[in-house]
Amino acid sequence: MEQGPLTWKTTERNIKTRKPDWYWVLGIFGTALAVASILFGNILFAIVIITGAVALGLASVGAANEYQISLTNRGVLIDSTLFPYENIVSFCVLEYEDEHPVLSLRTKSIFAPQLSIPLIGVDPFEIYEVLDYYVQEEAHEEGLLDRLVDFLGF
């Protein structure tokens, strides 16, 4: 299949504006858990809880990074990182009612076993046609971590 690269830009996540109440609830909940942990004599766990609450708060403030995705003859290129087709186990295009479709890739990589790439400004059928030539399609479901991230609104 000889063709030029199929390229589009996407963000890593949808930015949701947070009300100050959300940060208050996060702070109160994190503090309560940390105090309970200290009362039970587990100071290390209290430090982990406080660190996690601060990290969640900071992660919700940051702007989403923009990435350039390209489907080339060699593999899927995300900015300057190439995922060769030989290392991609399967793919699936997930469609949602309220959101953009998402390209789900399962890879052999230890550090990135599953990639979820929003398909914004590109035709999902074109993506499907290119990937179907190189990689096996397989039904993917959202993982527990994906559901947790959606639930928390990240």
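No value in this document is a laboratory result; all are computed from the given coordinates. What you see is a predicted model, and the numbers here were worked out from it, not measured in a lab. Here Cβ is always computed from backbone atoms with ideal geometry, including for glycine, and neighbour counts include all displayed protein chains.
Rounded to the nearest 10 degrees, the angle from helix 20-39 to the longest Cα principal axis of the chain is 60 degrees. Close amide H partners of Gln114, meaning residues 5 or more places away or on another chain with modelled amide H under 5 Å apart, are Thr107.
Modelled label positions at Lys9 and Ile43, each set 7 Å beyond Cα in the direction of Cβ, lie 5.0 nm from each other.
Across the stretch 44-66, no residue has a backbone nitrogen under 13 Å from the label position 7 Å along the beta-carbon direction of Val25.
The angle between the Cα long axis of helix 124-134 and the longest principal axis of the Cα atoms of the chain comes to about 70 degrees, rounded to the nearest 10.
Ellipticity at 222 nm from helices only: DSSP H runs of n ≥ 4 in the chain, each -39500 (n - 2.57), divided by the residue count, give -12500 deg cm²/dmol. The ellipsoid that matches the Cα gyration tensor of the chain has semi-axes, each √(5λ) in whole angstrom, of 38, 17, 13, with the longest given first. Between 0 and 90 degrees, the angle of helix 43-61 with respect to the longest Cα principal axis of the chain falls at about 50 degrees.
With the simple spin-label model, which puts each label point 7 Å out from Cα in the Cβ direction, the Leu148 to Asp98 separation comes to 2.2 nm.
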